[in-house]
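The values are calculated or read from the model by the stated rules, or taken from the named source; none is laboratory data. Quick caveat, the model's predicted, so the values are computed rather than measured. Here the Cβ is made from the backbone with ideal geometry for all residues, glycine too, and neighbour counts use every protein chain on show.
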Amino acid sequence: MAELLKHQFGTSIVHTIAQMLLAVEPEFPATSFLKEALKGYEQLELMSRARQIANALHNHLPADYGQALTLLMASTKQPHSHHAQLGMTSFLFMPHIFFIRDFGLDYFEASMQAQYILTQKFTAEFSIRPFLERYPTETLARLHEWAHDSNHHVRRLVSEGTRPRLPWASRLRQFQLRPEPVLQLLELLKDDPEIYVRRSVANNLNDIGKDHPEMLFATAQRWLQGASKERQWLVEHALRTAVKRSEPGALTVLGFGNLAKVAITKVAITPLKPTIGSSVVIAFVLVSTASKQQRVLVDFQIHYVKSNGFSNAKVFKLKTVEILGGEKLPLSKKVSLSNMTTRKHYAGLHRVDVVVNGRVFPLGSFTLMFG
């Protein structure tokens with residue numbers, strides 16, 4: 001995915017930033033800035049491109065950070081014609097965020113005010129993290145205020161910026177050790193009216209659960225008491241990784257703690273020798289062996305062969321169902337075997353299991369072949 005995003009963060013970004021700065025400061029050395037910012041640009045990855053532009057801004061704006069930030073923020077108000085696919089138009093302001101992150105740490109108030117504005121244009125989730133590390137008390141206090149802000153982008157920053165394991169960012173080790181300050185913020189946002197914010201809350205809680213599973217389960221159980229439909233979704237989304245790992249605590253919270261009384265029959269994996277780039281269909285019949293109705297969570301997993309020859313299980317959501325005593329439920333899933341940015345396929349034996357309330361039932365295997 002990062003490779004696709006990289007192509008939407010092309011050289012036009014740099015030219016647009018230069019034009020916006022020239023609009024507020026005619027003496028801005030645009031030619032020199034462009035030369036530095038674009039040096040070796042095509043070979044750089046997405047984040048490295050943004051960082052290089054930020055460094056070039058630092059070298060061509062006034063040496064005084066306050067003056068430089070004032071010009072940079074004034075330029076963000078200028079009209080521009082930059083557009084990108086994949087929802088990446090706002091990435092125009094990623095270098096501005098990196099500028100604050102890398103050069104504004106000694107200027108708490110000015111940098112926090114700038115991040116408040118920029119997060120409404122892009123996101124300050126990357127730049128807020130070093131402020132949390134150097135000024136934990138002051139930054140957390142500001143985030144408590146922002147949790148009540150009228151702008152949903154600002155409220156989302158409160159959650160997304162404090163994620164202990166935020167993708168593409170360094171981990172917040174202090175919150176991995178002690179996530180209680182983060183949980184206090186999430187409490188303020190768990191019933192936010194915007195799903196954009198609630199999804200971030202769920203992702204943050206999911207992060208916390210990777211280091212503190214019992215804290216995740218206790219929080220999820222508490223939040224489910226008298227929960228709205230929206231909060232129920234949030235909790236289920238927060239527990240998704242733990243559920244995929246069949247962790248008993250997560251299954252119990254969601255009501256799947258009891259061992260399901262089922263059998264698996266009529267398994268069919270077709271074709272048995274698919275080629276890379278094709279697909280495979282996995283089908284079976286789930287049979288209830290109980291005398292009364294039971295609630296079951298049915299997933300299946302494929303043990304994908306990796307480049308080193310070992311395998312790694314990938315869990316796929318299938319169905320949550322109330323199944324009657326003695327009922328027979330046919331289930332199937334078609335799985336693409338095409339290479340993607342998130343998964344590359346390798347030839348070899350791929351085992352397949354069905355997972356019912358955390359209990360694993362081997363279904364068989366297929367042998368993936370080169371096309």
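Going by the structure shown, is residue 321 in a strand (DSSP E or B), modelled with pLDDT of 95 or more and in the same structural domain as residue 357 (by TED's automatic domain parsing)? Even if it seems obvious, please write down each step before you answer.
Numbers: in a strand (DSSP E or B): yes; modelled with pLDDT of 95 or more: no; in the same structural domain as residue 357 (by TED's automatic domain parsing): yes.
The answer is no for residue 321.
Let's see how each residue does on (1) surrounded by fewer than 13 Cβ atoms within 10 Å (Cβ to Cβ); (2) closer than 20 Å to residue 331 by Cα; (3) among the small types (Gly, Ala, Ser); (4) modelled with pLDDT of 95 or more:
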{"residue": "250", "(1), (2), (3), (4)": "no, no, yes, yes"}
{"residue": "265", "(1), (2), (3), (4)": "yes, yes, no, yes"}
{"residue": "272", "(1), (2), (3), (4)": "yes, yes, no, yes"}
{"residue": "275", "(1), (2), (3), (4)": "no, no, no, yes"}
{"residue": "283", "(1), (2), (3), (4)": "no, yes, yes, yes"}
{"residue": "287", "(1), (2), (3), (4)": "no, yes, no, yes"}
{"residue": "298", "(1), (2), (3), (4)": "no, yes, no, yes"}
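Give me a count of the residues in the stretch 159-193 that are of a type outside the set (Phe, Trp, Tyr) and either outside the structural domain of residue 239 (by TED's automatic domain parsing) or loosely packed, with under 15 Cβ neighbours inside 10 Å (or both).
Number satisfying all stated conditions: 11.
Name the residues in the stretch 317-342 that are under 22 Å from the mean Cα position of the chain (by Cα), over 15 Å from residue 296 (Cα atoms) and surrounded by 12 or more Cβ atoms within 10 Å (Cβ to Cβ), would you? Step through it out loud before you land on a result.
Our first condition is that a residue be under 22 Å from the mean Cα position of the chain (by Cα); within the stretch 317-342, this holds for 317-318, 339-342.
Checking the rest, the ones that are also over 15 Å from residue 296 (Cα atoms) come to 339-342.
339, the sole residue that qualifies.
Report whether or not residue 60 is crowded, with 17+ Cβ neighbours inside 10 Å, over 26 Å from the mean Cα position of the chain (by Cα) and either modelled with pLDDT of 95 or more or under 14 Å from residue 14 (Cβ atoms) (or both). Walk me through how you get there before you give the answer.
Details: crowded, with 17+ Cβ neighbours inside 10 Å: yes; over 26 Å from the mean Cα position of the chain (by Cα): yes; either modelled with pLDDT of 95 or more or under 14 Å from residue 14 (Cβ atoms) (or both): yes.
For residue 60, the condition - crowded, with 17+ Cβ neighbours inside 10 Å, over 26 Å from the mean Cα position of the chain (by Cα) and either modelled with pLDDT of 95 or more or under 14 Å from residue 14 (Cβ atoms) (or both) - is met.
Given the residues 161, 209, which is the only one that is among the small types (Gly, Ala, Ser) and over 26 Å from residue 89 (Cα atoms)?
209
For residues that are in a helix (DSSP H, G or I) and among the aliphatic types (A, V, I, L, M), scanning just the stretch 218-248, find the one that is surrounded by the fewest Cβ atoms within 10 Å (Cβ to Cβ). First the steps, then the outcome.
Start the filter on the stretch 218-248 by keeping residues that are in a helix (DSSP H, G or I), which leaves 218-223, 229-238, 240-244, 248.
Narrowing the set further to residues that are among the aliphatic types (A, V, I, L, M) leaves 218, 220, 234-235, 238, 242-243.
Details: 218: 13, 220: 23, 234: 29, 235: 23, 238: 28, 242: 22, 243: 20.
Across the stretch 218-248, the extreme among qualifying residues is 218.
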